[in-house]
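Remarks on the structure that follows.
Values quoted throughout were computed directly from the atomic coordinates according to the rules given, and no laboratory measurement underlies them. Since the structure is predicted, the reported quantities are computational estimates derived from the model, not experimental observations. Every residue, glycine as well, gets a Cβ built from its backbone with ideal geometry; the counts of neighbours run over all protein chains shown.
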Ligand SMILES: Cc1cc2nc3c(=O)[nH]c(=O)nc-3n(C[C@H](O)[C@H](O)[C@H](O)COP(=O)(O)OP(=O)(O)OC[C@H]3O[C@@H](n4cnc5c(N)ncnc54)[C@H](O)[C@@H]3O)c2cc1C
């Protein structure tokens with residue numbers, strides 16, 4: 001795939017975004033084997049790029065650096081896990097519709113077809129010139145470093161250790177063992193007890209995700225624990241995205257099963273008793289006892305970025321970047337993207353995949369002594385299961401605004417706002433599966 005052609009497609013798609021256009025970026029659909037493109041040999045581009053983190057953003061960067069950069073470009077991907085488990089659709093593991101195993105993606109194609117060198121190690125520290133691994137070894141000598149390690153999770157008020165998430169009150173906001181624990185807790189919960197979900201203040205990973213989780217758990221409770229409810233304590237003043245769709249889901253589709261409480265301030269979480277204390281407006285020190293407690297904590301870029309001096313967003317929790325290249329505004333030569341970066345775009349896997357392509361294009365230009373493309377375009381899509389067979393979606397196109405130096409939804413795109421599905425439907429659910437397979441194929445295959 002030619003990168004200029006790709007960027008041309010994104011620009012010409014502006015304002016014409018349809019569901020079917022999403023898969024145009026992925027070059028395949030769910031019914032066909034992933035297309036593996038040939039690596040060009042004569043680009044004249046040489047260098048060595050190291051990528052930290054083989055998730056949605058990092059794996060895409062590694063693949064497309066080779067696909068667009070060619071065989072003269074050495075790409076090393078550093079990833080601590082042997083395989084990647086998709087967060088996307090992991091809420092359906094909670095309801096038994098999927099397993100973690102069928103959300104696992106491996107690095108074989110990146111290694112064997114795209115020629116990416118994989119180092120399966122945990123990184124302990126980074127600086128402009130080197131990477132220090134947890135085992136004490138060091139990697140250096142590369143031209144640029146791309147960092148896409150996702151997020152870390154704060155403790156909720158009253159908690160003393162992150163281990164409480166692993167053993168007692170799983171957040172399951174990174175798919176893995178906590179997802180299994182949460183699923184088991186739901187199965188073992190007494191009928192009539194309540195599931196309590198807390199939602200952190202934005203920005204957090206996947207804006208519709210917590211509302212989606214409330215919906216799919218409510219749907220499952222109706223069949224499996226008909227006397228139980230989902231209580232949602234949202235620290236935001238209102239539903240953040242797809243307000244009409246979630247409002248309908250909470251008050252009609254799952255009426256009486258979801259109790260949505262906005263504008264809450266969580267003041268204490270007792271992981272042993274599963275009691276949450278919170279204020280809501282003038283009503284102070286309210287308590288709710290959960291049968292299953294699922295606190296979704298506030299999130300931040302991982303500590304190794306803080307230690308490196310990269311967390312220079314206004315709130316100090318994420319890395320500020322130049323969205324023409326995703327180069328850090330604090331330390332030249334380090335590019336940060338995906339959930340760890342601070343941008344105007346949602347923290348989402350689809351956006352991480354899109355940011356990756358802008359970043360790759362910029363790095364390839366920089367290696368040739370050129371400036372990044374001055375007008376990148378990205379798109380975002382989030383599908384949301386509402387029941388076991390229906391879903392909604394939210395989509396937007398973002399374009400670079402030279403005035404603010406930010407990615408903005410242009411005025412000609414739905415008056416500068418995201419577009420959401422008019423209603424939940426089974427057709428959307430099928431489209432969701434096609435979109436998911438296309439996105440994951442484009443990232444890992
Ligand atoms: C329940 C849920 C539903 C979601 N649904 C959607 C959706 O419908 N659509 C959507 O677009 N997004 C969705 N998301 C969000 C999406 O999963 C994230 O935005 C996306 O994964 C972020 O990509 P990333 O590359 O920044 O981080 P990640 O995908 O988390 O990847 C980070 C990688 O870095 C590795 N890593 C971290 N630290 C180190 C280290 N020190 N050394 C070595 N390796 C390291 C990790 O092992 C991991 O593989 C959802 C998220 C959740 C929780």
Could you put 304, 371 in order, starting from the residue whose Cβ has the fewest other Cβ atoms within 10 Å? 371, 304
Could you give the length gained on full extension between residue 252 and residue 322, defined as 0.36 nm per residue of separation minus the Cα-Cα distance, in nm? 20.9 nm
How are the alpha carbon pair distances in the stretch 125-172 distributed across 5 Å bins from zero to the largest one, expressed in percent? 5, 16, 18, 14, 11, 13, 14, 8, 2
Using alpha carbons only, how many angstrom separate the centre of the stretch 333-378 from the centre of the stretch 401-434? 19 Å
Rounded D (µm²/s) - the stretch 194-273, Kirkwood Rh over Cα pairs, Stokes-Einstein at 4 °C, 1.567 mPa s: 100 µm²/s
Using just the C-alpha positions of the stretch 378-422 as equal point scatterers, what log10 of I(q)/I(0) does the Debye formula give at each q in 0.14, 0.20 1/Å? -0.41, -0.66
Cα→Cβ-extended label distance, 7 Å offset, between residue 101 and residue 419, nm: 4.0 nm
For the stretch 310-445, count all C-alpha to C-alpha pairs, find those more than 24 Å apart, and express that count as a whole percent of the total. 37 percent
What FRET efficiency comes out for residue 81 versus residue 272 if R0 is 30 angstrom and r is the Cβ-Cβ distance? Round to the nearest 0.05. 0.50
Consider all pairwise Cα distances in the stretch 153-208 and report the whole-number % of them above 17 Å. 45 percent
Packing-based order for 392-400, 255-263, using average beta carbon neighbours within 10 Å, highest first: 392-400, 255-263
Ranked on Cβ counts within 10 Å of their own Cβ, fewest leading, 130, 90 go 130, 90
In degrees, nearest ten, helix 177-188 long axis to first principal axis of the chain (Cα): 20 degrees
Among 113, 106, which comes first, then next, by fewest other beta-carbon atoms within 10 Å? 106, 113
The Cα radius of gyration of the chain, divided by 2.2 N^0.38 Å with N its residue count, comes to 0.97
I want to verify the translational diffusion coefficient of the stretch 154-298 in µm²/s; compute it with Stokes-Einstein, Rh as the Kirkwood radius over Cα pairs, at 10 °C and 1.306 mPa s. 105 µm²/s
Quick one: if you stick a label point 7 Å off each Cα along the C-beta vector at residue 143 and residue 188, how many nm between them? 5.4 nm
What angle do you read, to the nearest 10 degrees and between 0 and 90, between the alpha-carbon axis of helix 209-224 and the longest principal axis of the chain? 50 degrees
If you average the C-alpha positions of the stretch 280-297 and of the stretch 62-111 separately, how far apart do those two centres end up, in angstrom? 36 Å
Nearest-5 percent of antiparallel DSSP beta bridges in the chain? 55 percent
Nearest 10 degrees is fine. How inclined is helix 56-69 to the longest principal axis of the chain, computing both from alpha carbons? 20 degrees
